Amino acid sequence: MSIADAFGRPLRNLRVSVTDRCNLRCQYCMPEEHYVWLPRADILSFEEIGRLVDCFTDLGVDRVRLTGGEPLMRHDLPLLVRQLAAKPALRDLALTSNGVLLAEQAAALAAAGLRRVTVSLDTLRPDRFQALTRRAGLDQVLNGIAAAGAAGLRPLKLDTVVMRGINDDELIDLIEYGKTVAAEVRFIEYMDVGGATHWSAERVYPRASILDDLARRYGAIAALREESAAPAERYRLPDGTVFGIIASTTAPFCRACDRARLTADGMWYLCLYARAGIDLRAALRRGATREELAALITGGWQARHDRGAEERVVHRDRAPLLPASELRKDPHLEMHTRGG
Ligand code: SF4
């Protein structure tokens with residue numbers, strides 16, 4: 001069975017956050033000194049996550065990506081991976097990580113049935129990594145990427161948020177590094193979502209500039225023609241290297257968006273920019289049946305008309321979506337709670 005929203009978009013992709021905690025403090029996601037965390041008692045157990053995933057797969061979801069915060073901070077994550085990997089309805093089970101703990105866990109995750117991983121990598125320079133994330137750890141991330149490849153977690157992708165004046169001079173270094181680890185690099189435009197309280201339009205390094213820089217170094221770039229709801233547009237360099245650009249700020253792709261997000265405490269968000277979500281934890285813990293949960297999800301999705309990023313494009317004098325004072329009132333508004 002599949003369900004469609006108010007614009008006819010199916011529900012296919014579910015991003016499941018397993019924790020709101022993170023061991024880094026990236027400037028574009030967690031720039032503040034202090035955060036309000038989700039209460040521990042509200043965090044879904046693996047069994048509860050599994051039950052909700054079953055409801056979603058009943059309704060057409062066939063791709064799940066585990067996110068955080070940093071998902072590898074959740075204890076015993078391979079147990080959840082094993083449980084989800086055994087579900088025949090899931091065609092794709094992936095993980096997004098900052099890579100810091102990946103070297104320790106890659107083999108166990110692969111053995112549990114994880115198929116692929118995307119690692120965030122915004123810089124290859126240790127001093128810049130420290131400034132961007134407010135933590136040390138670039139070596140650990142690079143070791144984690146190597147371990148993921150060695151464990152067979154492929155295709156391996158590296159996500160880079162490009163910020164003007166911060167890391168826009170590393171595009172070529174990142175492409176070259178990606179070649180050495182057989183990973184596809186994806187450049188992401190800096191977004192003004194919750195958590196990005198230091199965002200400014202001047203800091204966005206747009207797709208056109210990324211393509212110009214790479215073409216100047218490598219020569220003509222070919223766009224790949226692909227029918228896909230995936231956010232990245234993919235390109236090929238003359239030497240065959242493929243890379244992606246996620247132009248979520250200047251050229252959003254809401255019209256094909258089949259993604260929803262489940263927070264670690266069971267709130268279901270239909271858009272990265274949505275102010276409110278649907279509380280699936282409350283229904284689950286009240287004893288709702290699989291059918292009742294499916295009805296709740298169906299009603300929510302069918303009423304969905306979100307196109308958050310497209311609506312933001314038309315704003316002149318665009319500023320961060322929410323001030324830190326708003327975010328402190330409800331941690332669900334944070335990008336690190338929604339899994340980016
Ligand atoms: S802004 Fe919302 S609707 Fe648009 S692509 Fe992102 S999650 Fe989907």
**Message:** Between helix 290-302 and the chain, what is the angle of the helix's C-alpha long axis to the longest principal axis, kept within 0 to 90° and rounded to the nearest 10?
**Reply:** 50
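Kirkwood hydrodynamic radius, computed over distinct alpha-carbon pairs, for the range 93-141: how many Å, to one decimal?
Numbers: mean 1/r = 0.0862 Å⁻¹.
Computed over the range 93-141, the radius equals 11.6 Å.
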**Request:** Classify the range 8-53 as rounded, prolate or oblate, taking a ≥ b ≥ c as the square roots of the eigenvalues of its Cα gyration tensor: rounded when a/c is under 1.5, otherwise prolate if a/b is larger than b/c and oblate if not.
**Result:** oblate
**the range 41-130: translational diffusion in µm²/s, Stokes-Einstein, Kirkwood Rh over Cα pairs, 4 °C, 1.567 mPa s** = 92
**Message:** Using 10 Å bins from zero, what percent of all Cα-Cα pairs in the range 213-340 falls into each bin?
**Reply:** 10, 31, 29, 19, 9, 2
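Can you pull the percent of the range 176-253's accessible area that's carbon plus sulfur, 1.4 Å probe, other chains left in place? List each step's numbers first, then the result.
On the way: 1760 of 3540 Å².
About 50 percent, which is the carbon plus sulfur part of the accessible surface.
Would you mind working out the magnitude of the charge dipole of the chain relative to its Cα centre, with +1 at each Lys and Arg C-beta and -1 at each Asp and Glu C-beta, to the nearest 20 Debye? Kindly include the intermediate steps, with their values, before the conclusion.
On the way: 47 positive and 45 negative charges, 89 e Å.
Result for the chain is approximately 420 debye, rounded to the nearest 20.
Convex hull volume of the Cα atoms in the chain, per residue, in Å³?
Details: hull volume 44.0 nm³, N = 340.
Hull volume normalised by residue count: 129 Å³.
The values are calculated or read from the model by the stated rules, or taken from the named source; none is laboratory data. All of these numbers come straight from a predicted model, not from anything done at the bench. With ideal geometry, Cβ positions are generated from the backbone for all residues, glycine too; neighbour counts draw on all protein chains shown. Remember, those area values only see protein heavy atoms, side chains included, never the ligands or the DNA or RNA. Shrake-Rupley method; radii C 1.70, N 1.55, O 1.52, S 1.80 Å.
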